[in-house]
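Trainee: Structure in structure tokens, see below.
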Amino acid sequence: MDVVERLCRQSIETPSWGYGNAGTRFQVFASPGAARNVWEKIEDAAMVHRLTGIAPRVALHIPWDQVEDWSALKAFAEERGIGIGAINPNLFQEPEYMLGSLAHPESRVRAQALAHLEACLEEARALGASVISLWLADGTNYAGQDDFRSRKARLRESLKTFVDQLQGDERVLLEYKFFEPGFYHTDLADWGIALLHCQALGPRAQVLVDLGHHPQATNVEWVVANLLDEERLGGFHFNARRYADDDLIVGSVNPFELFCIYVELVKAEQDPKLRASAEQIVYMIDQSPNIEPKLEAMILSLLNCQEALAKALLVDLEALRQYQQAGDVLGAHRVLMEAYRSDVRPLLKEVREALGVPQDPIAALKESGYLAHIEEARRA
Ligand code: PSV
Ligand code: MN
């Protein structure tokens with residue numbers, strides 16, 4: 001495995017919604033120069049890719065990023081050296097979805113949700129995108145509010161109707177989240193139920209792991225290993241959380257967890273049985289900066305993923321296997337820690353040279369004049 005070559009192939013989508021003024025439900029602190037529409041979000045995403053070389057696509061959220069002319073948007077992105085990544089339907093903001101969308105008790109609302117998914121699929125096709133990334137806010141707030149198994153059956157049927165319409169390399173990623181906005185239960189609470197649905201729906205349905213969507217202390221690298229082993233890991237939403245779905249900069253809370261996740265991915269890529277499945281995983285960032293400068297935050301997330309992958313690629317997998325087989329608990333652990341503690345800065349210097357990007361992307365952003373330019377141009 002050529003480590004530099006693998007790092008040059010690293011590719012992570014950035015989210016359009018990370019460039020605009022989003023924030024928390026308590027307050028949105030407007031950031032000067034923040035993108036006001038999808039065109040400006042694409043400009044920012046392209047700038048982030050120019051500086052890092054590892055973020056060649058931007059994921060869109062519909063209808064937040066809705067435009068009249070999708071081919072114009074596609075051309076606009078291409079002119080700026082960036083592609084359109086996953087399309088994220090929004091099944092949580094219409095008044096009809098108070099009791100759910102695809103699992104809603106009323107067939108009328110389920111049909112409305114399905115129609116939105118179908119419209120997103122059409123838009124994905126117009127944009128040359130093949131991944132629909134689906135998170136549902138479906139759930140309940142009180143014991144007895146609805147019947148779990150009926151909701152599961154309705155969700156399964158709605159998903160099946162949608163998946164049956166996918167063609168070619170199109171796929172749907174099911175993103176689970178154990179709470180919020182449903183506080184008693186959510187219909188896709190964890191990787192187990194997401195995997196069960198995917199297995200019933202066929203190979204075009206895969207699980208998406210958002211790092212912020214697990215109960216405290218969940219061993220996410222173990223979840224990742226299991227989904228890889230079942231060949232059902234479709235994608236990631238990278239972010240960091242300390243308490244809940246905090247959407248912070250990836251690797252800012254627990255860089256060791258991020259490293260361990262990448263170790264599982266590298267091991268799968270090097271396993272002939274899992275390689276093809278591991279190589280089609282869509283890596284995405286899902287973060288929502290509120291008090292931090294948005295472009296700098298996005299770049300920092302990308303750099304943290306780059307560093308984690310670099311360290312994971314340095315794990316001596318043969319030595320690890322030998323220690324594991326010999327039952328040498330701490331010998332095996334030390335192999336991981338040695339890679340984790342390595343100074344990968346010289347390696348990443350080589351990678352940035354090979355990618356033709358600045359050695360310090362954040363310093364380059366600050367020196368570029370881009371921030372002053374967008375602040376002025378987007379003042380209105
Ligand atoms: C839900 O919390 C989520 O992680 C989903 O991916 C949504 O699409 C996104 O956040 C919206 O910000
Ligand atoms: Mn997410």
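The values are calculated or read from the model by the stated rules, or taken from the named source; none is laboratory data. Model, not experiment: these values are computed from the prediction. For neighbour counting, all protein chains shown are included, and Cβ atoms are generated from backbone atoms with ideal geometry for every residue, glycine included.
Trainee: Hey, among Leu188, Leu211, which residue is within 13 Å of ligand 2 (Cβ to nearest atom), over 25 Å from Gln10 (Cα atoms) and without any contact (Cβ under 8 Å) to a residue 60 or more places away in the chain? Outline the logic, then answer.
Mentor: Details: Leu211 fails: over 25 Å from Gln10 (Cα atoms).
Result: Leu188 is the single residue among Leu188, Leu211 that is within 13 Å of ligand 2 (Cβ to nearest atom), over 25 Å from Gln10 (Cα atoms) and without any contact (Cβ under 8 Å) to a residue 60 or more places away in the chain.
Trainee: Then there is this: Go through Glu180, Glu175 for me and flag whichever is within 16 Å of ligand 1 (Cβ to nearest atom), exposed (fewer than 13 other Cβ atoms within 10 Å of the Cβ), in contact (Cβ under 8 Å) with a residue 40 or more places away in the chain and not aromatic (Phe, Trp, Tyr).
Mentor: Glu180
Trainee: Report yes if Ser150 is of a type outside the set (D, E, K, R), surrounded by fewer than 21 Cβ atoms within 10 Å (Cβ to Cβ), out of contact with any Pro (no Cβ under 7 Å at 6 or more places or on another chain) and not in a loop (DSSP other than H, G, I, E, B), otherwise no.
Mentor: So Ser150 passes the test.
Trainee: Has the range 52-68 got at least one residue that is in a helix (DSSP H, G or I), over 20 Å from the mean Cα position of the chain (by Cα), more than 16 Å from ligand 2 (Cβ to nearest atom) and modelled with pLDDT of 95 or more?
Mentor: Step one: list which residues in the range 52-68 are in a helix (DSSP H, G or I), which gives 52.
Then keep just the ones that are over 20 Å from the mean Cα position of the chain (by Cα); that gives none.
Scanning the range 52-68 turns up no residue that is in a helix (DSSP H, G or I), over 20 Å from the mean Cα position of the chain (by Cα), more than 16 Å from ligand 2 (Cβ to nearest atom) and modelled with pLDDT of 95 or more.
Trainee: Considering each of Glu231, Glu257, Glu269 in turn, give the residue that is farther than 24 Å from Val131 by Cβ, acidic (Asp, Glu) and more than 16 Å from ligand 1 (Cβ to nearest atom). Break it down into steps so the answer makes sense when it comes.
Mentor: Numbers: Glu231 fails: farther than 24 Å from Val131 by Cβ; Glu269 fails: farther than 24 Å from Val131 by Cβ.
Residue meeting the stated conditions: Glu257.
Trainee: Out of the residues in the range 14-44 meeting the condition of being touching a strand residue (DSSP E or B) at 6+ places or on another chain (Cβ under 7 Å) and more than 16 Å from Arg378 (Cα to Cα), tell me which one is nearest to ligand 1 (Cβ to nearest atom).
Mentor: Here the residue is Trp17.
Trainee: Pairs needed: first member in the range 363-380, closer than 12 Å to Pro32 by Cα; second member anywhere, assigned to a loop (DSSP other than H, G, I, E, B); C-beta distance under 7 Å; at least 6 residues apart or different chains.
Mentor: From the range 363-380, the pairs are Leu371/Gly33; Ile374/Gly33; Glu375/Pro32; Glu375/Gly33; Arg378/Gly33; Arg378/Arg36.
Trainee: Of the residues Pro95, Pro105, which is modelled with pLDDT of 95 or more, away from ligand 1 (no atom under 16 Å from the Cβ), over 27 Å from Ser16 (Cβ atoms) and surrounded by fewer than 21 Cβ atoms within 10 Å (Cβ to Cβ)? Can you show your working first?
Mentor: Working: Pro95 fails: over 27 Å from Ser16 (Cβ atoms).
It is Pro105.
Trainee: Write out, first by first residue and then by second, each pair whose Cβ atoms fall under 6 Å of each other, whose residues are 6+ apart or on separate chains, and whose first residue, in the range 220-233, is at pLDDT 95 or above while the second is surrounded by fewer than 16 Cβ atoms within 10 Å (Cβ to Cβ).
Mentor: Listed pairs, sorted by first residue: none to list.
Trainee: Something else now. Identify, from the list Phe256, Phe236, the residue that is within 16 Å of ligand 2 (Cβ to nearest atom) and either of a type outside the set (A, V, I, L, M) or assigned to a helix (DSSP H, G or I) (or both).
Mentor: Numbers: Phe256 fails: within 16 Å of ligand 2 (Cβ to nearest atom).
Unique residue meeting the criteria: Phe236.
Trainee: Looking only at the range 246-268, how many residues end up being surrounded by 19 or more Cβ atoms within 10 Å (Cβ to Cβ) and either touching a strand residue (DSSP E or B) at 6+ places or on another chain (Cβ under 9 Å) or small (Gly, Ala, Ser) (or both)? Can you show your working first?
Mentor: Filtering the range 246-268 for residues surrounded by 19 or more Cβ atoms within 10 Å (Cβ to Cβ) gives 247-252, 258-266, 268.
Retained after the next criterion (residues that are either touching a strand residue (DSSP E or B) at 6+ places or on another chain (Cβ under 9 Å) or small (Gly, Ala, Ser) (or both)): 247-252, 258, 261, 265, 268.
Selection size over the range 246-268: 10.
Trainee: A follow-up question, please. In the range 269-360, which helices (runs of 4 or more DSSP H) lie fully inside it and hold 1 or more residues that are surrounded by 14 or more Cβ atoms within 10 Å (Cβ to Cβ) and in contact with a Pro (Cβ under 6 Å, 6 or more places away or on another chain)?
Mentor: Working: elements: 275-279, 294-313, 317-325, 329-340, 345-355.
Ranges flagged: 294-313.
Trainee: In the range 137-172, how many are within 16 Å of ligand 1 (Cβ to nearest atom), of a type in the set (Asp, Glu) and farther than 16 Å from Pro105 by Cβ?
Mentor: Residues flagged as within 16 Å of ligand 1 (Cβ to nearest atom), of a type in the set (Asp, Glu) and farther than 16 Å from Pro105 by Cβ within the range 137-172 amount to 0.
Residue-wise test of (1) in a loop (DSSP other than H, G, I, E, B); (2) closer than 24 Å to Ile84 by Cβ; (3) away from ligand 2 (no atom under 16 Å from the Cβ); (4) not small (Gly, Ala, Ser).
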site	(1), (2), (3), (4)
Arg156	no, no, yes, yes
Leu174	no, yes, no, yes
Pro203	yes, yes, yes, yes
Thr218	yes, no, no, yes
Glu221	no, no, yes, yes
Leu228	no, no, yes, yes
